[in-house]
Amino acid sequence: KVILPEIAIQDQIVELLDTTQNMIDKRQQQIEALSALKQSVFLDMFGNPVHNTKGWIMKSIDELFEIEDGDRGKAYPKQEDLQSEGILFLSTSNIKKNSFVLDEKKYISCEKFDELRKGKLKKGDIILTLRGTIGNIALFDNPNYDTGFINAQMAILRSESINKTFFCELYSMDVFTDHLKTHQSGSSQRQLPLRSLKKIKVINPPFDKQKEFEIKIKQIDATILSLIDSLNELDTLYDSISHKAFNGELFKEDIQV
């Protein structure tokens, strides 16, 4: 048995769902456009970062950063060391292009964390992946975590001599990701050896210019976050309408298109 309202009500339900879906699609398009805008702002201010079309000073990554990889010693966490709470243990799946994805989280105990020699995160650290997907990078600034540990397929970058927002945007640009691929090795699984990463040169414009860029990016990011909140609300609304419609709870007098 299925609920079968009058055809006029069916049409109204479809119209309402279509209208909501169109709004969802529009929000997604706006978010994608703003994400692309960040690369356009970068190119306008700094030119092509690989070919250095504006003639900025260039420095190797190991000149700009203190670099630390994950602890590969015998204290490295095993499967049986993972738990549902404790110190955050990040894997490459948690790092995307200039963002964290913490849908799936792993933790280790404080005792295990203390045993490790390196790979321990501090607020403001930059994390990037060295194996699997090359070019993923994120700033460790999540308000819910003061520290964490990276797995052996990642690296930590620390610096006070380059703007972190500027570097993260540079590193995640499509043109720079393509450049990174020329330094990768491995056939079955792509990897960017740490020794190769250290020698890659990047543009280093004046710090005030980098700061100006950061301000613009934060304004764009604030708009993106607002649109994401709106998108989540629309997703919830769509689910609610669907639930009511297909459970016979949505009647003609309830519908507002």
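The values are calculated or read from the model by the stated rules, or taken from the named source; none is laboratory data. Predicted, not measured: the structure shown is a model, and the values here were computed from it. Ideal geometry is used to build each Cβ from the backbone, glycine not excepted, and the neighbour counts take in all protein chains shown. Just the protein is used for accessible areas: all its heavy atoms, side chains included, with ligands, DNA and RNA removed. Shrake-Rupley method; radii C 1.70, N 1.55, O 1.52, S 1.80 Å.
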Set of aspartates and glutamates with alpha-carbon distance to Lys198 below 19 Å, sequence-local pairs under 8 removed:
Asp62, Glu63, Glu66, Glu68, Asp69, Asp71, Asp125, Glu160, Glu169, Asp178
Residue-span extension gain [Glu111 to Asn142] - 0.36 nm each, minus C-alpha spacing:
8.9 nm
Considering the values (1) 71, 51, 36; (2) 52, 45, 34; (3) 56, 52, 33, which represents Cα extents along the principal axes in Å as calculated for the structure under consideration?
(1)
At what distance in angstrom do the alpha carbon centres of the range 42-106 and the range 144-203 lie from each other?
6 Å
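What number, in percent, do you get for the relative contact order of the chain if the mean sequence gap of Cα pairs under 8 Å and at least 6 apart is divided by its residue count?
This gives 28 percent for the chain.
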In whole Å, what three semi-axes, largest first, describe the equivalent ellipsoid of the range 57-207 built from its Cα gyration tensor (square root of 5 times each eigenvalue)?
26, 17, 14
Counting helices only, and only those DSSP H runs with n ≥ 4, report the 222 nm mean residue ellipticity of the chain as the sum of -39,500 (n - 2.57) divided by its residues, in deg cm²/dmol to the nearest 500.
-14500 deg cm²/dmol
Distance in nm between Ser161 and Gln79 label points, each 7 Å along Cα→Cβ, equals 4.4 nm
So if the hydrodynamic radius of the range 1-108 is defined as the Kirkwood radius over C-alpha pairs, what does Stokes-Einstein give as its diffusion coefficient at 10 °C and 1.306 mPa s, in µm² per second?
78 µm²/s
Using a 1.4 Å probe, how large is the accessible area of Asp44, given in Å² and rounded to the nearest 10?
110 Å²
DSSP beta bridges in the chain [antiparallel fraction, %, rounded to 5]
90 percent
Distance check, please: which entries in Lys96/Lys122; Lys122/Lys218; Lys105/Lys209; Lys120/Lys218; Lys106/Lys201; Lys97/Lys209 exceed 29 angstrom between their Cα atoms?
Lys105/Lys209; Lys106/Lys201
On the protein heavy atoms, probe 1.4 angstrom, tell me the percent of accessible surface of the range 24-127 carried by carbon and sulfur.
47 percent
With every protein chain in place, the accessible area of Arg27 for a 1.4 Å probe, in Å² rounded to the nearest 10, comes to 60 Å²
Rounded to the nearest 10 degrees, the helix 7-46 long axis (Cα) sits at an angle to the longest Cα principal axis of the chain of 20 degrees
Here the gain from full extension of Ala8 to His183, 0.36 nm per residue of separation minus their alpha-carbon distance, amounts to 56.8 nm
Leaving ligands, DNA and RNA out of it, rank Tyr107, Tyr238 by accessible area with a 1.4 Å probe, largest first.
Tyr238, Tyr107
Lys96 to Leu37: FRET efficiency via 1/(1 + (r/R0)^6), r the Cβ-Cβ distance, R0 25 Å, to the nearest 0.05?
0.85
Given R₀ = 41 Å, what would the calculated FRET efficiency be for Glu214 paired with Thr19, taking r from the Cβ atoms and rounding to 0.05?
0.60
